[in-house]
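Following: one structure in structure tokens, then a few remarks.
Values in this text are rule-based calculations from the coordinates and carry no lab data. The structure presented is a predicted model; accordingly, all values stated were derived computationally and were not measured. Heads up, the Cβs are rebuilt from the backbone with ideal geometry, glycines too, and the neighbour counts pull from every protein chain shown.
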Amino acid sequence: MPAVQETIDQVRMIDVDQYKYGFETHIESELAPKGLNEDIIRFISAKKDEPEWMTEWRLQAFKRWQTMEEPSWARVSYPKIDFQDLHYYAAPKNQSGPKSLDEVDPELLRTYEKLGIPLREQEILAGVRKQGEPSTLDGEPGDNVYSSGRVAVDAVFDSVSVVTTFKKELAQAGVIFCSISEAIREHPELVKKYLGSVVPVSDNFYATLNSAVFTDGSFVYVPKGVRCPMELSTYFRINEKNTGQFERTLIIADEGAYVSYLEGCTAPQRDENQLHAAVVELIALDDAEIKYSTVQNWYPGDSEGKGGIYNFVTKRGDCRGKNSKISWTQVETGSAITWKYPSCILRGDNSRGEFYSIAVSNGHQQIDSGTKMLHLGKNTTSRIISKGISAGNSQNTYRGQVSAHRKAANARNFTQCDSLLIGNDCGAHTVPYIEAKNATAQFEHEATTSKISEDQLFYVMQRGIPEEEAIALIVNGFVKDVIQQLPMEFAVEAQKLIGISLEGSVG
Amino acid sequence: MLEIKNLHARIAEDGTEIIRGLNLTVKAGEVAAIMGPNGSGKSTLSYILAGREDYEVTEGEILYNGESILEMDPAERSSAGIFLAFQYPMEIPGVATMEFLKTAMNAQRRARGEEELKIPDLLKRVRASADELNMDMAMLKRPLNVGFSGGEKKRAEILQMKLLEPKLCILDETDSGLDIDALKIVADGVNALRSPERAVVVITHYQRLLEYIVPDTVHVLYRGQVIKSGEKDLALELEKNGYAGIIGEAA
């Protein structure tokens, strides 16, 4: 795969400190004043041209949030966040859609370039060229992976969708793929029906905060019987100092529909911690399937653990219809703190939930992540494969809940939880909660913890493979079951990220 | 090619001295057999040559083509042409054998400033070597050494050795756990690598392997020292009389 090597080389070239994607883009932005109160919420709502019902929804959430307390049960520790010391809105000023690369803000293009995104993909990201159209770059050897792929991109740059591509082709299939702000304006009936129906406004501290102040995110609706003709993808970066990012994503697969959604992100290096509290809601109706893949590589903090993103995310899928299926795949390599449990509510009979996860922690990173599989319907099945890799001084916790409701006859779960330790100063923890209220439920749980042995490392190095590459090879072998679940483009990205994340973990 | 001078080495963790003033010279083109009873330091010597960090060289020198290798890490020694066929090859879960071969071959090429192999070229080389060792290409899709039988593991070691084209091959008890057919295949693989530019060090407990890989020199290792060196007849003598006689002689 020459394209893989090409990508790796590109990444190697971007040598900015330990964190390869640590840079800041200077694009003029419009900032809300610091702090959070009803006026700020009205300001955000007004900025977004939102209808009254939405403003009201936000204000209700804010009222609720004021009565709530930050959760403290996760195995993570961090200094107290001053929620009044954050900006809750920042938007790039130039928002008109670009017609050619010349019209795209050169800073944005430079950002893509630094991220090592191939030029062809930059054209697509920036909305200049549609996938499949000939590029001026055609004819170059060794750059064919991205032009043959079918990926639609909704690029969220800070808080506002800068460009949305592929709209026409998707529209022909009846698929709606736009920013959540646009959906609120253009498809209020869908938003009203589904927003907050999986993660209620009052669900938890961060989700409630998100409900009050979310600024942007993606919206997807795939109508009955439609198989979305391409992978849908969002790239986003946190890019404004002290701006909490509150993404809101809502994906609905109507009866018999199928959609695969990719989410990937990197963030610039900063000194202050950045809060990220996204909410993602997935709804699968009868016979529908949603596949949601994430590669997360936010700034994890410096070598002492300072800076870095706080990633407090609520992701939940509702298998609302019978025979529906929701599959989460995540590769977590970044963030100072990760608090994240993509879950499935298996409401429909015969529905299926899947969770495939790779969580890599190095330096002083803290990860508390896992999933919940709530079996409510009959004959529901779920599968959890979690691979945790801890290096440096990091702490990596898998926290998972599998439960069968009284009526969940014949519920089945299989859980496999593997932890790999690199070095002696890191920790791996597995905290499974299992609860079956129906006697016919069958839950299996397997867990292993291992260390990369000196023997293994010596063996691989004896073949001429340098130490860091040897570790990356062994680790990528360890996570292979999960990597295979990722779409091709992401699998390449993920393997590359895992290698980079573990640099400096030994020696 | 290889000169070991008054080598002393101990286990880094607890300081136990294993190699106690060992001297050995192996010339290019030579096949040297190192024999000795259990616990004499044979495997330790192979690890020290390959650069394993668990051992500490306290005195003496190891020269490879006239230069000291003591400061080189295992990967650097490997790229310089030193290959160790392990007595117990490690399992690498999730890493297909083919992928491992590709990674190793290209890492060495990079270290030597050569271009990486193109996939068709790589496949051609691997297929040719695998055929010679009677290995099925389907096996190369399996994770390296995971679930391999003893014979399969040893064959996979020789396959790697052939593909990496080392200058100094060290075989640590390669005959252990092999039936006679597998032993022949492995020995043929090693014999095919014999050349005037290459040296082979065969570490073995028994004479059996030396019927198939006929050595030029035989060295008896005991308590971390070479106590007797000779030609191939020495191996036969050992087989007949055991180690006791020689050990008695040296004492």
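Couple of notes before you dig in:
- Positive minus negative residues near A:Asn438 (Lys, Arg vs Asp, Glu; Cβ under 12 Å): +4
- Residues whose amide H lies under 5 Å from that of A:Leu262, counting only those 5 or more places away or on a different chain, are A:Leu232, A:Ser233, A:Thr234, A:Ser293; hydrogens are built 1.01 Å from N in the peptide plane.
- Between A:Phe443 and A:Asn413, the built amide H atoms are under 5 Å apart, and every one of these is 5 or more places off in sequence or on another chain.
- FRET efficiency for B:Ala111 and A:His187, using Cβ-Cβ distance with R0 set to 56 Å, rounded to 0.05: 0.45
- Our coupling estimate for region B:12-26, obtained by passing each phi through the Karplus curve with A = 6.51, B = -1.76, C = 1.60 and θ = phi - 60°, is 4, 5, 10, x, 5, 7, 10, 9, 10, x, 8, 10, 7, 10, 10 Hz, Gly and Pro reported as x.
- Cα-based reach from A:Lys63 at 18 Å (exclusive), listing lysines while leaving out same-chain residues under 8 positions away: none
- Here the residues A:Thr294, A:Thr440, ranked from fewest to most Cβ neighbours within 10 Å of their Cβ, fall in the order A:Thr440, A:Thr294.
- Summing Lys and Arg as +1 and Asp and Glu as -1 over all other residues whose Cβ lies under 15 Å from the Cβ of A:Arg64 gives a net charge of -3.
- Neighbour counts of other Cβ atoms within 10 Å put A:Ser202, B:Ser46 in the fewest-to-most order A:Ser202, B:Ser46.
- Shape of region A:344-503, Cα gyration tensor, a/c cut at 1.5: prolate
- Angle in degrees between helix B:180-193 and the longest Cα principal axis of chain B, rounded to the nearest 10: 90
- Computed on the Cα trace of chain B, the radius of gyration divided by the Kirkwood hydrodynamic radius gives Rg/Rh = 0.96.
- Note on region A:377-469: Rg/Rh from C-alpha atoms, Kirkwood Rh, equals 1.18.
- Label-to-label distance, nm, for residues given as A:Lys306 and A:Gln484 (7 Å Cα→Cβ offset): 4.5
- Taking all Cα pairs closer than 8 Å and separated by 6 or more residues, the relative contact order of region B:2-250 comes to 29 percent.
- Proximal lysines to B:Lys154, defined as alpha-carbon separation beneath 22 angstrom and excluding residues fewer than eight positions away on the same chain: B:Lys42, B:Lys102, B:Lys124, B:Lys141, B:Lys162, B:Lys167, B:Lys184
- Against the main long axis of the alpha-carbon atoms of chain B, helix B:119-132 sits at an angle near 50°.
- Taken along the Cα-to-beta-carbon direction at a fixed 7 Å, the label points for A:Ser72 and A:Lys437 span 3.0 nm.
- Summed side-chain charge close to B:Ile62 - residues other than B:Ile62 whose Cβ falls under 12 Å, Lys, Arg +1, Asp, Glu -1: -3
- Taking label positions 7 Å along the Cα-Cβ direction at both B:Arg208 and A:Glu503, the computed distance is 4.9 nm, reported to one decimal.
- Global form of region B:1-95, assessed from the alpha-carbon gyration tensor, a/c cut-off 1.5: rounded
- Residue separation of A:Thr449 and A:Trp53 scaled by 0.36 nm, minus their Cα-Cα distance, works out to 137.5 nm of gained length.
- Residues A:Trp73, A:Trp57 in ascending order of nearby Cβ atoms (within 10 Å, fewest first): A:Trp73, A:Trp57.
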